[in-house]
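Peer 1: Next up is a structure, given as structure tokens.
The values are calculated or read from the model by the stated rules, or taken from the named source; none is laboratory data. These numbers come from a predicted model, not from an experiment. Methodologically, a virtual Cβ is constructed for each residue, glycine included, from the backbone with ideal geometry; neighbour enumeration extends over all protein chains shown. Calculation scope for accessible area: heavy atoms of the full protein, side chains included, ligands and nucleic acids excluded. Shrake-Rupley method; radii C 1.70, N 1.55, O 1.52, S 1.80 Å.
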Amino acid sequence: MPQPVIGPHVNPSDETIATKGLAVRFLLAGDNSNGSIAAFELMVPAAQRLPAPAHSHDHYEETIYGVDGVLTWTVNGKHIDVGPGQALCIPRGAVHRFDNNGSKDAKMLCVITPAEIGPEYFREAFEVVNAAAGGPPDRARMADIMRRHGLTPAAPQT
């Protein structure tokens with residue numbers, strides 16, 4: 001069945017979705033690309049650890065391109081620094097997370113193919129992070145949100 005033709009858009013979402021220390025701005029979402037690609041900017045301040053658990057996704061690849069600063073991505077237990085001009089493809093099923101271990105804010109371009117995740121995931125997840133008021137987010141609520149949006153939370157590290 002032919003897909004409907006989508007008109008061109010420049011930055012269809014001018015919304016920045018943020019929580020204390022983390023921000024996401026979608027440049028393309030699935031409904032702007034017939035579901036083929038989503039792209040968003042990820043901004044992470046210096047010395048910020050990811051508040052959500054490590055996770056994997058079985059239905060899409062995630063490619064990270066460094067714009068500014070350095071994020072340390074942990075992919076299947078291996079630490080990989082991604083800085084300006086560097087790219088990392090996280091394959092389906094790989095358990096991963098990121099942290100900004102540096103003293104400089106970081107900005108990454110994240111590309112999801114196909115576009116199986118969108119702004120709603122980040123709105124819901126950041127709501128849980130904000131409700132924690134600086135403490136650890138409710139792990140059960142976060143896991144539920146992740147699963148509903150196609151992410152599989154990894155088992156906690158002991």
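Peer 1: Using packing as a proxy for protection, rank 38-44, 91-97 so that the peptide with the highest average count of other Cβ atoms within 10 Å comes first.
Peer 2: On the way: 38-44: 20.6, 91-97: 15.6.
Ranked from most to least packed, the peptides come out as 38-44, 91-97.
Peer 1: In Å, what is the Rg of the alpha-carbon atoms in segment 84-158, and how long is Dmax?
Peer 2: Here Rg and the maximum Cα pair distance are 14.0, 36 Å.
Peer 1: State the extension gain, in nm to one decimal, for the chain segment bounded by His149 and Ala133, taking 0.36 nm per residue of separation less the distance between their alpha-carbons.
Peer 2: 3.4 nm
Peer 1: A follow-up question, please. I'd like the orientation of helix 119-131 relative to the chain: the angle between its Cα long axis and the longest Cα principal axis, in ° from 0 to 90, rounded to 10.
Peer 2: 30
Peer 1: Which FRET efficiency, nearest 0.05, do Leu109 and Asn34 yield, Cβ-Cβ r, R0 25 Å? Before the final figure, lay out the partial values.
Peer 2: Numbers: r = 20 Å, r/R0 = 0.82.
The pair Leu109/Asn34 has a calculated efficiency of 0.75.
Peer 1: Follow-up question, since we're still on this one. Given an 8 Å cut-off on Cα distances and at least 6 residues of separation, report the relative contact order of segment 62-158 as a percent. Please report the intermediate quantities before stating the final value.
Peer 2: Details: 143 pairs, mean separation 24.5, N = 97.
This gives 25 percent for segment 62-158.
Peer 1: Hey, another quick one. Return the lysines within reach of Lys78: Cα separation strictly under 18 angstrom, same-chain partners fewer than 8 residues apart disregarded; answer none if there are no such residues.
Peer 2: Partners found: none.
Peer 1: Follow-up. Helix 139-148: angle to the longest alpha-carbon principal axis of the chain, degrees 0 to 90, nearest 10?
Peer 2: Value to nearest ten degrees: 20.
Peer 1: Per residue, how large is the accessible surface of the chain? Use a 1.4 angstrom probe and give square angstrom. Kindly include the intermediate steps, with their values, before the conclusion.
Peer 2: Numbers: 8370 Å² over 158 residues.
About 53 Å² of surface per residue is accessible.
Peer 1: Under 15 Å Cα-Cα from Lys104, which aspartates and glutamates qualify once same-chain neighbours fewer than 8 residues away are excluded?
Peer 2: Of all the aspartates and glutamates, those that pass the test against Lys104 - Cα under 15 Å, at least 8 places apart if same chain - are Asp68, Asp81.
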